[in-house]
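Report on one structure; see the data block that follows.
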Amino acid sequence: MDFVTIDFEASCLPRHGRSFPIELGISGPQGTLSWLIRPHDSWQGWDWTQEAFDLHGISREQLEREGLAPDFVMAQALRAIGTSRVIADSRIDAGWWTTLSEASAGQGAAIRIEHVDTLFDEIGATHGQIMAAQGQADLLCPERHRAGADARWLRLLLDRLLEEQAVPASLVPVDLPIVPSGQVGSGIFV
């Protein structure tokens with residue numbers, strides 16, 4: 001099964017105002033990539049909450065210093081995704097993908113982000129199996145609330161479920177290597 005997992009960190013949750021993506025993480029068979037996103041000019045005046053900062057710890061100043069242009073991040077993300085299926089554990093991620101795409105001249109608009117529930121249903125995962133796989137992912141990826149770490153966590157969870165479901169070996173994704181964290185925002189493996 002060819003898929004990548006995706007996660008965003010954002011300036012705030014949509015219920016708190018108009019939010020924009022500040023970090024994108026993608027995890028696939030080759031590993032995990034993460035990019036900090038410098039705010040696009042069209043996002044000036046959009047909302048930023050202390051609650052979001054308390055979760056991810058990414059400041060506006062850090063984004064200005066270390067963030068990459070939205071069109072560069074989008075191009076890198078599209079290269080990493082290729083023709084793979086894209087899976088997220090939050091429906092909000094599709095909205096942040098659209099926001100990033102619009103700031104990047106629409107270059108990523110055609111990507112469809114599926115909610116993880118779709119994959120759970122396809123493989124017939126039970127609640128107990130999902131909880132067990134979540135526990136394993138928690139042990140292997142304890143850092144959370146950064147886009148790369150969260151995308152990797154979801155990938156680990158799905159890999160464990162696919163193994164549990166006895167999917168034929170030709171369809172089981174390769175386990176991700178545990179690679180030391182790199183500099184976030186550089187588009188390198190974490």
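Coordinate-derived values only; no laboratory data. If you're wondering where the values come from, they're calculated on a predicted model, not measured in any experiment. When we count neighbours, we look across all protein chains shown, and the Cβ atoms used for this are built from the backbone with ideal geometry, even at glycine.
Of note:
- Computed log₁₀ I(q)/I(0) - Debye formula, equal Cα scatterers, no solvent, the stretch 62-175, q 0.14 Å⁻¹: -0.67
- Other residues with beta-carbon under 11 Å from the beta-carbon of L119 carry, at +1 per Lys or Arg and -1 per Asp or Glu, a net charge of -4.
- Considering the chain, its Cα convex hull presents a mean projected area of 10.3 nm².
- Taking packing as the residue-averaged number of other Cβ atoms within 10 angstrom, the listed peptides 20-27, 155-162 run from highest to lowest as 20-27, 155-162.
- Dipole magnitude of the stretch 3-171 about its Cα centre (Cβ charges: Lys, Arg +1; Asp, Glu -1), debye to nearest 20: 240
- Sequence-distant contacts, meaning Cα pairs under 8 Å at least 6 residues apart, place the relative contact order of the stretch 3-171 at 28 percent.
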